[in-house]
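Values quoted throughout were computed directly from the atomic coordinates according to the rules given, and no laboratory measurement underlies them. Just so it is clear, the structure is predicted and the values come from calculations on it, not from any experiment. Note that each Cβ is placed from the backbone with ideal geometry, even for glycine, and that neighbours are counted across all protein chains shown.
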Amino acid sequence: MGTVGGIRRVRFTTSHPRDFVKPIVDAIDANPNLCNHVHLPVQSGSSRVLEGMLRLYTRDQYMEKRGWIKNARRPIAITSDIIVGFPGETEKDFEETLSLLDEIQYDSIFSFKYSPRPNTGALQMPDHIPEEEKGRRLTIVQEKQRAIQIRQNAALIGAVEEVNVEGFHAALGLWAGRTSRNRTLNFTCAGPSPEELMGKYVNVRVTRGGPNSLAGETVN
């Protein structure tokens, strides 16, 4: 893979969906130095809840941006943030978030229960969701996403991924790093010392996929 100005990888960290435009996807497609991973925090799958959050986009508008990513020439990973239990979130609203997970098939998510924040409009909203119910909804979201990640990571078994080496676990004899699509990959590698391999790029064949990471071994 080529480099631009000596930089091997540049990762687009995150964007408010309101500000995410198609030229970002076009740039990732055109430049192999740009990691093929986008973090696009949706927060909720319900347009009604999104309006209450003042997110300034609807579910359909978010899905249009997801379409740009899905139709890119490079396989671009997409990750997101989900909040459950926002004031007034009905069971129907929650089901729309679950259906969004099914439709998009995120590579991973950060998921949270809504918690009151000072100086926010939501603090004055009626119909606050009980903590027990927020916990129930969060568990359902996390279990659904876990199953999605298990399937997606299992599909990568046999693939060869370029990994940027970030660490070494001496007790386990395992190296750890990240792929261009921001997956953690733990792997074995005979020979080099930690000082020699740290920060380098190596090709790793995936031999196992779990819910949160991959495992493999280096290939020549």
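Which net charge results for the neighbourhood of residue 210, defined as the other residues with beta-carbon distances under 11 angstrom from its beta-carbon, given Lys and Arg at +1 and Asp and Glu at -1?
On the way: positive: 146, 183, 208; negative: none.
Around residue 210, the charge tally is +3.
Taking the Cα centre of the range 1-146 as the origin, how large is its charge dipole in debye, to the nearest 20, when only Lys and Arg (+1) and Asp and Glu (-1) carry charge on their Cβ atoms?
The dipole magnitude comes to about 720 debye.
With each run of n ≥ 4 DSSP H residues scored as -39500 (n - 2.57), what mean residue ellipticity at 222 nm is computed for the chain after dividing by its residue count and rounding to the nearest 500 deg cm²/dmol?
-9500 deg cm²/dmol
For the chain, give the share of DSSP beta bridges that are antiparallel, in percent and rounded to the nearest 5; count only bridges with both residues there.
Approximately 60 percent, going by the DSSP bridge assignments.
At a Cα cut-off below 19 Å, give the aspartates and glutamates reachable from residue 65, other chains included and same-chain residues fewer than 8 away excluded.
Of all the aspartates and glutamates, those that pass the test against residue 65 - Cα under 19 Å, at least 8 places apart if same chain - are 19, 26, 29, 51, 81, 96, 102, 103, 107.
Kindly list the residues of the range 88-102 that lie in the label zone of residue 136, defined by a backbone N under 11 Å from the point 7 Å along the Cα-to-C-beta vector.
Inside the label zone: 91.
Report, ordered by chain and residue number, the aspartates and glutamates lying within cross-link reach of residue 134, taken as a straight Cα distance under 15 Å and ignoring same-chain residues fewer than 8 apart.
89, 91, 93, 95, 143
First select every other residue whose beta carbon is under 11 angstrom from the beta carbon of residue 96; then total the charges, Lys and Arg +1, Asp and Glu -1.
-3
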